[in-house]
Amino acid sequence: MHTDMKRASSDRDTLARILDISRDLARPMDLEEMLTEVVKAACAVLQAERCTVWLYDEAAEEFQTKVLIGAAPIRTAADRGLVGACARTREVINVPDCYADPRFDQSIDRQTGYRTRSLMSVPLVGYDDELIGVMQTLNHINGPFDDTDVATATALAAQSAVALQRARMIEGLLVKERLEQELEVARKIQMGTWPREMPVAEGYDLHGASLPAEETGGDTFDIIRLDDQRYVLLLADAAGHGVGPALSVTQVRSMLRMCARLGCDLKRAFDGINRQLVEDLPPELFVTAFLGMLDATRHEIEYLSGGQGPLLFYRRAQDEVEYLKPMTLPLGIMETLPGAAPARITLASGDILALLTDGILEAERSDGEQFGAERTAELLREHRDRPMSELAMILHEQARAFSDGAPQADDVTFLLIKRH
């Protein structure tokens, strides 16, 4: 009778402590702080020398300790040891003698220099049956863990799992919010590199615009006025879209601006930018680019095209569109590009040079057919008398309509040059 009363009193004390812990875990905490509170609570309530919380990383298929009292963080494969066994069965595993159990991963003891005698593994399962991780208590101060400890650990784990799940979700939202803020800053920086207004070239209508598929894009364009008659033209498209490609094409634009300031000719600028990209870019990245020089007095465009094409050249007199192919490989692939010699085109009255990235030409509809160069050329012919800003809008709207209003899959950038 006395023993039963003593046990009942102990159970009430344990329950009261778990309720206190639950209230404590309900207060706002980041994930790291929450993990620390969980391991401290488990050590105290279960009278364990140590406690470890293994968080499950589904993408990596492994468990990781972020907080482990008395040892450094560790990673382990999701199918190894008692942690993996507990996660698979989602049941408490109570091992009185770890070195007698073949499931026990002795390498962690060797790694930490700690000797595990008894160990209890408890699954941490969230409110929606999501596996959060596994909580392990090591070495009860009075010997192996008993059935009462199992019941106590199960109750504590239920509270801890929901708290950890909440902390992890909040941390994820905060990370997402920070990322969105950083991407917004990157977007503003990238858009700030584009011309705020188009230069006025006598006898010409110049228009450029870029519409990224994400917050930042892998395209860029530029029109640099050197004097009253000469204008440097740039259209560049890095492989992919997002922050990495955005950095690459912004680098191209910056280098071209510097070359223009230093008075480099087109060929030197093209070769110099290519060599720098070869040094800087990882092997999987490259940049297709058109670099041109418009002479508004001679009505000529000298240009080099590394992988950028087709370039659509509408000739008003013939009412035809010529498809100009790339001259050489994209920039950033090899130090010396074969066939990289400048070409020239002469613009007669009404001629249009349309430089477009893949977002227009490769816009797809549901059956996989692409918008293509021929549809684009037909729109050039049909709307040749419109201002170039309106022509760009028409091209974009028609490509979107063709793809049945599907989300924009690639960056869209225009550089349109028309002689009046």
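The values are calculated or read from the model by the stated rules, or taken from the named source; none is laboratory data. All figures in this text were calculated on a predicted structure; none of them were measured in a lab. Positions of Cβ are backbone-derived with ideal geometry, glycine not excepted, and every protein chain shown enters the neighbour counts.
Here are a few things to note about the model shown:
- The stretch 277-314: number of residues that are out of contact with any Leu (no Cβ under 9 Å at 6 or more places or on another chain) and surrounded by fewer than 18 Cβ atoms within 10 Å (Cβ to Cβ): 8
- Among all residues of the stretch 235-244, there is at least one that is within 26 Å of Gln408 (Cβ to Cβ) and part of a helix (DSSP H, G or I).
- Condition check for Leu331 on (1) surrounded by fewer than 21 Cβ atoms within 10 Å (Cβ to Cβ); (2) under 17 Å from Leu233 (Cβ atoms); (3) at pLDDT below 95: one failure, at (1).
- Consider the stretch 144-181 and keep the residues that are acidic (Asp, Glu) and touching a helix residue (DSSP H, G or I) at 6+ places or on another chain (Cβ under 7 Å). The one that is modelled with the lowest pLDDT is Glu171.
- Within the stretch 315-327, residues that are in the same structural domain as Leu355 (by TED's automatic domain parsing) sit with their Cβ atoms under 6 Å from residues that are assigned to a strand (DSSP E or B), at 6+ positions apart or across chains, in these pairs: Val321/Leu312; Val321/Tyr314; Glu322/Phe313; Leu324/Leu311; Leu324/Phe313; Pro326/Ser305; Pro326/Gly307; Met327/Ser305.
- Selected residue (only one of Gly339, Gly405, Gly368 is at positive phi, over 34 Å from the mean Cα position of the chain (by Cα), in the same structural domain as Arg196 (by TED's automatic domain parsing) and surrounded by fewer than 19 Cβ atoms within 10 Å (Cβ to Cβ)): Gly339
- Against the test of being surrounded by fewer than 20 Cβ atoms within 10 Å (Cβ to Cβ), in contact (Cβ under 8 Å) with a residue 60 or more places away in the chain and under 30 Å from the mean Cα position of the chain (by Cα), the options Leu247, Leu211, Leu234 yield a single qualifying residue, Leu211.
- Only residues that are of a type in the set (Gly, Ala, Ser), closer than 23 Å to Ala41 by Cα, touching a strand residue (DSSP E or B) at 6+ places or on another chain (Cβ under 7 Å) and modelled with pLDDT under 90 were counted across the stretch 61-106, and they come to 1.
- Within the set Leu277, Leu291, Leu304, Leu285, the sole residue that is part of a strand (DSSP E or B) and either more than 21 Å from His207 (Cβ to Cβ) or in contact with a His (Cβ under 6 Å, 6 or more places away or on another chain) (or both) turns out to be Leu304.
- Residues of the stretch 265-301 that turn out to be more than 29 Å from the chain's Cα centre (by Cα) and farther than 12 Å from Met255 by Cβ, as a count: 13
- In the set (1) of a type outside the set (D, E, K, R); (2) assigned to a helix (DSSP H, G or I); (3) surrounded by fewer than 19 Cβ atoms within 10 Å (Cβ to Cβ), Ala157 fails one condition alone, (3).
- Among residues of the stretch 320-340, those that are assigned to a strand (DSSP E or B) and not hydroxyl-bearing (Ser, Thr, Tyr), counted: 5
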